[in-house]
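J.: The structure under discussion is supplied below as structure tokens; questions concerning it will follow.
The values are calculated or read from the model by the stated rules, or taken from the named source; none is laboratory data. Worth saying up front: this structure is predicted, and the values here are computed from it rather than measured. Calculation scope for accessible area: heavy atoms of the full protein, side chains included, ligands and nucleic acids excluded. Shrake-Rupley method; radii C 1.70, N 1.55, O 1.52, S 1.80 Å.
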Amino acid sequence: MYSAGTVATVAGAMVTASFPFYLYGAWIMVGRDQDHVTWDRLVRHLWVILPGLVLNTVPVVGWMIPRLFDQFGGVAALHAFLGLQAYALLAFGLTGIVRIFQVKRDADLYEVNDPDTSLNDLHENMGAWRGRLRIGVFGYVLFWLLAYVVGVYRYYGLYVA
């Protein structure tokens, strides 16, 4: 139907398009006052990074993973390892966000529309959960960047050169 080069170009474009969403989402969380994260700010951040995660995950699940074992070599293995590490750290970060959501629900604060309510005021462990979230997100972006560079190298070697 379509050549592998065409599909690789579309997949690469989708993965590349996800990066601005990650950057803007990071700016929302760390580009301002880091100590005072309100619920509205957290939700805005999640809505910004969600399209980035979709743009990245669809090509990974729909095209890259099914083809991985057919071309499993040195660079492909490195690319897969780095991508797997990125998603593992994302899962680690999600364990923090799940606890944050639980505390918000348990405190019955979904109905309270106070944009100045700090997340740290909701639970004594909120700082640790936010730390887990930050480590997971930072690790995800770091390994995503490394996997991206290796993926561009692979794309160039397979479809351009």
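J.: Give me the distance between the Cα centres of region 1-71 and region 142-159, rounded to whole Å.
T.: Taking the Cα centre of each part, region 1-71 and region 142-159 sit 15 Å apart.
J.: Can you tell me the 0 to 90 degree angle between the C-alpha axis of helix 4-30 and the longest principal axis of the chain, rounded to 10?
T.: With rounding to tens, the tilt is 20 degrees.
J.: For helix 74-106, what angle does its Cα long axis make with the longest principal axis of the chain, in degrees from 0 to 90 and rounded to 10?
T.: The two axes meet at around 20 degrees.
J.: Next up: Nearest 10 degrees, 0 to 90: what angle lies between the long axis of helix 39-59 and the longest principal axis of the chain (Cα atoms)?
T.: Between helix and principal axis, roughly 10 degrees.
J.: Before rounding to the nearest 500, sum -39500 (n - 2.57) across all DSSP H runs of length at least 4 in the chain and divide by the residue total; then give [θ] at 222 nm in deg cm²/dmol.
T.: Calculated mean residue ellipticity at 222 nm is -25000 deg cm²/dmol.
J.: For the chain, which whole-number percentage of the solvent-accessible area (1.4 Å probe, protein heavy atoms only) is attributable to carbon and sulfur atoms?
T.: Of all accessible area on the chain, carbon and sulfur atoms account for 68 percent.
J.: Turning to a different aspect of this structure: Return one whole number: the accessible area per residue of region 11-86 in Å², for a 1.4 Å probe.
T.: Ligands and nucleic acids excluded, the figure is 55 Å² per residue.
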